[in-house]
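Some notes on the structure that comes next.
The values are calculated or read from the model by the stated rules, or taken from the named source; none is laboratory data. Keep in mind that this is a model prediction, so the values were computed, not measured. Note that we place each Cβ from the backbone using ideal geometry, even for glycine, and neighbour counts take in every protein chain shown. Ligands, DNA and RNA are stripped out before the accessible areas are found, and what is left, the full protein with its side chains, is counted by its heavy atoms. Shrake-Rupley method; radii C 1.70, N 1.55, O 1.52, S 1.80 Å.
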Amino acid sequence: LWDWRREPSIRFGGLVLEASEGLARGGAEGGERTVRFDASLMPDMLELGVFRDGDRMVPFGRKTPVKVKKLMTERKLDGDARRALPVVRIPGGEIIWIPGVRRSSFAPVVGDAARVVELKMTEV
């Protein structure tokens, strides 16, 4: 579990995930290594884990779930790379972000969002 408000950065293998909250300033949802979510919908606790066979996610811009394995295959990630990436979930197990791969449709930043939570991945 990651309490991102109390612990704004956390290490996962050779990666560091950082979280910050700030004012919404418009613009894109982020990229593969940095994503933004509507802060009003973001839980305080996030779950970090690894990819599991059968995992599904609703990618940003879509309405139906896609197998995470397919998303990783599209990024040409082999088994070792897949196991090295964290899978970020909200309580209940819904995947909201796979750093370096894709973010989900969870908590999009829309016009009336006052604050955003930005999650960023860097390599150690």
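Considering only the range 2-26, how many residues are outside any strand (DSSP E or B) and over 14 Å from the mean Cα position of the chain (by Cα)?
So the count comes out to 9.
At least 1 residues that are without any contact (Cβ under 8 Å) to a residue 40 or more places away in the chain in each: list the strands (runs of 3 or more DSSP E) lying fully within the range 45-124 that qualify.
On the way: elements: 45-49, 87-89, 95-98, 115-123.
By residue number, 87-89.
Would you confirm whether any residue within the range 94-108 is more than 11 Å from the chain's Cα centre (by Cα) and open to solvent by 70 Å² or more (accessible area, probe 1.4 Å)?
No.
For the range 109-124: of the residues being surrounded by 11 or more Cβ atoms within 10 Å (Cβ to Cβ) and within 18 Å of Leu41 (Cβ to Cβ), which is nearest to the chain's Cα centre (by Cα)?
Leu119
Do we find a residue being farther than 14 Å from Lys120 by Cβ, open to solvent by less than 30 Å² (accessible area, probe 1.4 Å), basic (Lys, Arg) and under 14 Å from the mean Cα position of the chain (by Cα) anywhere in the range 50-58? Lay out the reasoning, then the answer.
Looking only at the range 50-58, we keep the residues that are farther than 14 Å from Lys120 by Cβ, and these are 50-58.
Those left that are additionally open to solvent by less than 30 Å² (accessible area, probe 1.4 Å): 55, 57.
Going one step further and asking which of them are basic (Lys, Arg), we end up with none.
Checked against the condition, which is being farther than 14 Å from Lys120 by Cβ, open to solvent by less than 30 Å² (accessible area, probe 1.4 Å), basic (Lys, Arg) and under 14 Å from the mean Cα position of the chain (by Cα), the range 50-58 yields no hits at all.
Out of the range 40-49, which residues are under 11 Å from the mean Cα position of the chain (by Cα) and crowded, with 18+ Cβ neighbours inside 10 Å? Let's see the steps before the verdict.
Of the range 40-49, the ones under 11 Å from the mean Cα position of the chain (by Cα) are 46-48.
Once the filter is applied, which keeps residues that are under 11 Å from the mean Cα position of the chain (by Cα) and crowded, with 18+ Cβ neighbours inside 10 Å, the range 40-49 yields Leu46, Glu47.
If Val88 meets every condition in (1) modelled with pLDDT of 95 or more; (2) surrounded by fewer than 19 Cβ atoms within 10 Å (Cβ to Cβ) apart from one, which number is that one?
All conditions are met except number (2).
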